[in-house]
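See structure below.
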Amino acid sequence: MPHANAPLTELGRLRMARCVIDDGWPLRQAAQRFQVSVGTASRWAGRYRAEGAAGMTDRSSRPRTSPGRTPTRTERRIVKVRLARLVHLDRATGQPVRRYERDAAGDLVHVDIKKSGNIPDGGGHKVHGRAAGNHNKQRTAGPVRRGGQPRIGYSYLHNAVDDHSRLAYVEILPDETKETATAFRARAQTYFHANGITVKRVHTDNGSCYRSRLWRDALTAAGITHKRTRPYRPQTNGKVERFNRTLLDEWAYARPYQSESERREALPQWPHTYNHHHSHTALKGLPPAGRVPNLTGQYS
């Protein structure tokens, strides 16, 4: 395949070479016609004369021998060391990442909201392709369908992840208002408490619902400290951001659902799988249940 800056494709080279060899064009005339140098026209004409159309392909510029090449074993060691260093760098800034983990469950719980597009009845583009999926989305437009579920638009995944154990709690809710977020936080606290975890601090981004007086007062009443990420630094809430990506990969986009209802019906089982069976490198291969001895149903 020609490189990005090549003035001629293989077909263009062949046409130019035929003009010179088969039709008798002067090299300068052929070079002007195909907008290349005389030397380039001469090179491709020479290859065509010697090899025919097969000579129009690119050849490797790699030398036949490399006596000064770094030994393969040394190369592998260099790559291994580089990758080990990159693990500790932020991809966006290249700065070292300060990794931390709270000493006990409940010392810090990360809370976040992930916006997700609803699937129209009959399936979206993952089922029918982009064009047909968009048509189906328009055909099923409307505020609600039978059962009160939205036809199109968005749902909001409210997530809470314990920093120490990675234990997670998830709900699909219709919006990200302060009332909805505050009520979710209360239910998440109940869930953690039922599993022997006392929430002491909550970490969120700077979304409007988390800056509201309702959210602040609810946390104060529960005796919980609120901490927000630094502006434009979402990686400081990285554990829940990573959880969001896992949730989308392993549930939201795991298979081509035929409707939003079908996808929602698959959600309740996923947190159980995540909490009881999903291994974490940071937990030495254990799932969150390995750090929460009181977690209900951990042997199912």
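The values are calculated or read from the model by the stated rules, or taken from the named source; none is laboratory data. Remember, predicted model here, so these are calculated numbers, not experimental data. Every residue, glycine as well, gets a Cβ built from its backbone with ideal geometry; the counts of neighbours run over all protein chains shown.
One table, with the values for the structure above:
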{"quantity": "Residues of the stretch 260-273 satisfying the condition of being assigned to a helix (DSSP H, G or I) and within 22 Å of LEU295 (Cβ to Cβ)", "calculated": "GLN269, TRP270, PRO271, HIS272, THR273"}
{"quantity": "Sole exception among (1) at pLDDT 85 or above; (2) assigned to a loop (DSSP other than H, G, I, E, B); (3) closer than 30 Å to CYS19 by Cβ for ALA50, by number", "calculated": "(2)"}
{"quantity": "Residue in the stretch 82-96 that is at pLDDT 85 or above and more than 35 Å from the chain's Cα centre (by Cα) present", "calculated": "no"}
{"quantity": "Hits in the stretch 53-78 (condition: more than 15 Å from THR9 (Cβ to Cβ), of a type in the set (Ser, Thr, Tyr) and not in a helix (DSSP H, G or I))", "calculated": "SER60, SER61, THR65, SER66, THR70"}
{"quantity": "Test: TRP251 is crowded, with 19+ Cβ neighbours inside 10 Å and at pLDDT 85 or above", "calculated": "yes"}
{"quantity": "Residue within the stretch 178-201 that is farther than 20 Å from LEU295 by Cβ, in a loop (DSSP other than H, G, I, E, B) and at pLDDT 95 or above present", "calculated": "no"}
{"quantity": "Any chance THR204 is closer than 25 Å to ALA104 by Cα and either in contact with a helix residue (DSSP H, G or I) (Cβ under 9 Å, 6 or more places away or on another chain) or surrounded by 20 or more Cβ atoms within 10 Å (Cβ to Cβ) (or both)", "calculated": "yes"}
{"quantity": "Odd one out for PRO293, checked against (1) modelled with pLDDT of 85 or more; (2) not in a helix (DSSP H, G or I)", "calculated": "(1)"}
{"quantity": "Subset of the stretch 254-265 [surrounded by fewer than 14 Cβ atoms within 10 Å (Cβ to Cβ) and among the small types (Gly, Ala, Ser)]", "calculated": "ALA254"}
{"quantity": "Residue satisfying all of: in the stretch 143-169; among the β-branched types (Val, Ile, Thr) and surrounded by fewer than 22 Cβ atoms within 10 Å (Cβ to Cβ); modelled with the lowest pLDDT among these", "calculated": "VAL144"}
{"quantity": "Total residues in the stretch 170-201, condition closer than 16 Å to ALA218 by Cβ, under 26 Å from the mean Cα position of the chain (by Cα) and of a type in the set (D, E, K, R)", "calculated": "2"}
{"quantity": "Subset of the stretch 214-259 that is of a type in the set (Gly, Ala, Ser) and either in a strand (DSSP E or B) or within 23 Å of HIS193 (Cα to Cα) (or both) - its residue that is nearest to the chain's Cα centre (by Cα)", "calculated": "ALA218"}
{"quantity": "The stretch 16-41, residues that are surrounded by 15 or more Cβ atoms within 10 Å (Cβ to Cβ) and part of a helix (DSSP H, G or I)", "calculated": "MET16, ALA17, ARG18, CYS19, VAL20, ILE21, LEU27, ALA30, ALA31, PHE34, THR40, ALA41"}
